[in-house]
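Worksheet: one structure, shown below.
The values are calculated or read from the model by the stated rules, or taken from the named source; none is laboratory data. Being a predicted model, the structure only gives us computed values, none of them experimental. Quick reminder, even Gly has a Cβ in these numbers, built from the backbone with ideal geometry, and neighbours come from all protein chains shown.
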2 protein chains.
Amino acid sequence: MKRTSRDIRTANRYEVLRQIIAESPTSRQELAAATGLSLATVATLVGELLDLHMITEVGFEESAGGRPRGLVAVNASGGALIGVDIAETYVHVELFDLGLNVLARAEEDVRPGESLPEQVVAHVAAAVGSVVTQAGIEGARVLGVGVSVPGQVDRATGISEYAPNWDWHDVPLVDLLSEYIAYPLYLDNPLRAVAVAELWFGAARGSQNAVVVTLGTGVGAGLVLGGGLHRGVSNSAGEWGHNTIVLDGRLCRCGNHGCVETYVGAPGIMLNLRELSPDSELLHPGDQTATIDALARGMLTGDPVAVEVVRHTARYLGASVAHLVNLFNPEVVVLSSWVAAALGEPLVAEVREAVARHALPRPMAATEIVLSPIPTDPACLGAATFALEGALQSVGQRSATKRTTSARSSTHNPR
Amino acid sequence: MKRTSRDIRTANRYEVLRQIIAESPTSRQELAAATGLSLATVATLVGELLDLHMITEVGFEESAGGRPRGLVAVNASGGALIGVDIAETYVHVELFDLGLNVLARAEEDVRPGESLPEQVVAHVAAAVGSVVTQAGIEGARVLGVGVSVPGQVDRATGISEYAPNWDWHDVPLVDLLSEYIAYPLYLDNPLRAVAVAELWFGAARGSQNAVVVTLGTGVGAGLVLGGGLHRGVSNSAGEWGHNTIVLDGRLCRCGNHGCVETYVGAPGIMLNLRELSPDSELLHPGDQTATIDALARGMLTGDPVAVEVVRHTARYLGASVAHLVNLFNPEVVVLSSWVAAALGEPLVAEVREAVARHALPRPMAATEIVLSPIPTDPACLGAATFALEGALQSVGQRSATKRTTSARSSTHNPR
DNA sequence: GGACTTTATAAAGCCCCTTTCCTAACCCCT
DNA sequence: AGGGGTTAGGAAAGGGGCTTTATAAAGTCC
């Protein structure tokens, strides 16, 4: 809301760490060049991160006549981050080191009828416990746990205000989780998690304006505007999946007709296939993943039905993505999440063409449409990134009273 | 791009002046409360504005035991601002005092076939000269001239990159105008002009997130995100009018089919009327203004055809505005420009209902949909506001070298 | 006229970032 | 081996901003 010089510091801190993670090891000089900051500022920020043991000095660069550059790298063992991706049918948890490499994974299935908050929380707690023991990490090193839950969330209070798939209303998810999980918790929804993952580590890195299109069972758009996530007034911006693309079109689970999601979400794609070729062997009724995978294979082998289904899907997707291009004029549109990953470049190529047909030429010329380069579950990565952001946020805090340098942290600290 | 503490200062300067213009006279105390700034900061900013003669001290408030509050007010005669709204068929120019009251108006018709850049520039020059003499202002008091021209513009270089209505390509409009006009010139397009007018003086005042929907011959959406205008990477964000709302729908002048504009722009509304009632007496072929006005009157008298046309239009408008609500999650959606002004509250009521049918309940609940309160041509006002912003921007600039306070401008400088 | 209250300005402190200066560290050459 | 030349990195100074605290100014009330 109110901007202060501290926000600049925080943004710079993010930027420097992001750069180090992206290119490790690196030198202060390179960081200054990459971020546009002065050498002095970079040096102090690097110093901060060294103090936090998030990075370490790892030797020197070869020199050709002059003092060699000191190199810093992510201190992979300096801490761990956990990302939790809660979805309709599963809970997926990954534990990352500070280089955002996956150290451990756990997955729990959420069966229909197990969707009470307490049940889901139990799954999450079990999976989190599992990854921590798997990785053999001492608890104190976990900097935080990011949790992505579908629907509308209030990140300040940690409440899941509304989760459409389970009809949750105002579930105090963070409170429930904190009974089992002692680490700092950060809550948001998958749209924003995926967007922040792309912003830090994916195709949106360095962009001031980007749109991250999530294509999964549900679909949505994470908005990166002015270098940061746009949340809207009640943290529900980006609900692109329920925009009407066909007036009086297919019935959507949201109750409306003709939503984008009903044509380009995984169930929508299955329906596209069924309408085109009702008894195609590509169709695996009731199994989205299998069907999408079959389509992907079909694309590669040139199966005409698969090609036609993807083209048909890309037609809707193109018109809808063109909306985003016209409205935001972004540098890049990233197609992310599992459907995009499965269908891959062939889909992107079709989408590019379709968008070009619908968008205005000028904004279109300024926009790249690319596939996400993130190989793992982007929602997990993004959730972990929220935890990383959280850990960095509290760095700048003044330490309590000024005369006595007493402790202000939650633990005792007899200095 | 890169944020610095100076940007904070500029934003605060804007905010304080905005507040003074909105509520004049006012005290430093009130300003501090309204802006959330400390009294000291407000005092220095007020001091700056006093030095610029943009505001003046106008006495004191009644006191009940204590030093009375000094009151400041806009110094209406402290300068003048000119807004130029170039449209397909006319050039509209208004001269404002610093309270943004209209002191003089001029309008020139642009006939078909008069659309060469030189001809349009001549119209603008004539009208600008006219308002200056009408208002009896000495030239030195004009702080700047804002120019709104349709299409895509590069505000830094002052080039109209592309104007679809006249097929202009890369016309150096500011260079051409500066032959005739000695004041500082600021160029942008009407979408953004209208948005900035609403942001400073209209229904979006104080909002962090707002969408300003411009309904005229063309339509578009100005995006206010994080308290400032969102421009996109090539200054063409907000082209909502050419989003596809009906696949394979009506042919648009942009070459595509089914654009929003073709259903809710003035020509689109005429077409809606014609389709519904081909020989209605409401229809004035070839005259958009007359037709829209006739519809407005019809709404008031309960003419069933008019009611049905507006309802029909609101249906498309509702679905399209719902896109904006879902995507941005704004605090307020403002309907602005002449079609909205003409059809007024009855239109807004229909739109509210239609949007509610298409948007998700949560974002919808957080969003108000309102009519613009700006009585005059918002593009003119917005253009003038660009000039005002420009005048304020250059306040903070350091004056040249520090030892000798000599000039450092582009002119010769023998140091 | 003094006491109390409220406003406005001045001073000091803190947080940023940058520029400048100086020392450290390394290469190469003599 | 010992001096230049060159580049890195840190410390200090400087400029901009905002806030809190102290002080001066301008009223009202008794």
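Details
- Count of residues meeting criterion [in contact with a Gly (Cβ under 7 Å, 6 or more places away or on another chain), more than 11 Å from every other protein chain (Cβ to nearest Cβ) and modelled with pLDDT under 95] in region A:238-284: 1
- In the condition set (1) in contact (Cβ under 8 Å) with a residue 12 or more places away in the chain; (2) crowded, with 20+ Cβ neighbours inside 10 Å; (3) on the phi < 0 side of the Ramachandran plot, residue B:238 is compliant with all but (3).
- Residue count, region A:289-317 (criterion: surrounded by fewer than 20 Cβ atoms within 10 Å (Cβ to Cβ) and of a type outside the set (A, V, I, L, M, F, W, C)): 10
- Pairing each residue of region A:300-319 that is outside the structural domain of residue A:265 (by TED's automatic domain parsing) with any residue that is of a type outside the set (Asp, Glu) and surrounded by fewer than 22 Cβ atoms within 10 Å (Cβ to Cβ), provided the two are 6+ apart or on different chains, yields no C-beta distance under 6 Å.
- Total residues in region B:222-237 satisfying the condition of being under 14 Å from residue B:207 (Cα atoms) and within 7 Å of another protein chain (Cβ to nearest Cβ): the figure is 3.
- Pick from region B:132-184, criterion hydroxyl-bearing (Ser, Thr, Tyr) and touching a residue at least 24 places away in the same chain (Cβ under 8 Å), ranking: nearest to residue B:253 (Cα to Cα): B:160
- Some residue of region A:170-182 being of a type in the set (Phe, Trp, Tyr) and closer than 26 Å to residue A:14 by Cα: no
- Residues satisfying the criterion are present in region A:88-106 (criterion: out of contact with any strand residue (DSSP E or B) (no Cβ under 9 Å at 6 or more places or on another chain) and within 29 Å of residue A:50 (Cβ to Cβ)).
- Residues (within 14 Å of another protein chain (Cβ to nearest Cβ) and closer than 14 Å to residue A:317 by Cα) located in region A:334-363: A:354, A:355, A:356, A:357, A:358, A:359
- Of all residues in region A:10-19, those that are more than 16 Å from DNA strand D (Cβ to nearest atom) and more than 13 Å from residue A:54 (Cα to Cα) total 1.
- Qualifying residue in region B:73-93 (condition: within 16 Å of DNA strand C (Cβ to nearest atom) and either under 25 Å from residue B:42 (Cβ atoms) or of a type in the set (Phe, Trp, Tyr) (or both)): yes
- The set of residues from region A:41-59 being in contact with a strand residue (DSSP E or B) (Cβ under 6 Å, 6 or more places away or on another chain) and part of a strand (DSSP E or B) comprises A:55, A:57, A:58, A:59.
- In this entry, residue B:50 is excluded by the filter for residues that are within 14 Å of chain A (Cβ to nearest Cβ), within 13 Å of DNA strand C (Cβ to nearest atom) and not charged (D, E, K, R).
- Residues in region B:206-221 that are more than 10 Å from chain A (Cβ to nearest Cβ) and not in a loop (DSSP other than H, G, I, E, B): B:212, B:213, B:214, B:215, B:219.
- Residue ID - nearest to the other protein chains (Cβ to nearest Cβ), chosen from residues in region A:66-107 that are in a strand (DSSP E or B) and either within 16 Å of DNA strand D (Cβ to nearest atom) or surrounded by fewer than 17 Cβ atoms within 10 Å (Cβ to Cβ) (or both): A:72
- Condition check for residue B:61: in contact (Cβ under 8 Å) with a residue 24 or more places away in the chain and more than 16 Å from DNA strand C (Cβ to nearest atom): no
- Residue that is farthest from DNA strand C (Cβ to nearest atom), among those in region B:1-47 that are within 30 Å of residue A:224 (Cβ to Cβ) and charged (D, E, K, R): B:18
- Taking region B:20-40 as the range and being within 11 Å of DNA strand D (Cβ to nearest atom), in a helix (DSSP H, G or I) and under 22 Å from residue B:207 (Cα atoms) as the test, the residues that pass are B:32, B:35.
- Restricting attention to region B:392-415 and to residues that are of a type in the set (A, V, I, L, M) and within 16 Å of DNA strand D (Cβ to nearest atom), the residue that is modelled with the highest pLDDT turns out to be B:392.
- Filter pass, residue B:346 being surrounded by fewer than 24 Cβ atoms within 10 Å (Cβ to Cβ) and in a loop (DSSP other than H, G, I, E, B): no
- Every test in (1) at pLDDT 95 or above; (2) crowded, with 17+ Cβ neighbours inside 10 Å; (3) more than 14 Å from every other protein chain (Cβ to nearest Cβ) is passed by residue A:366 save one, and that test is (3).
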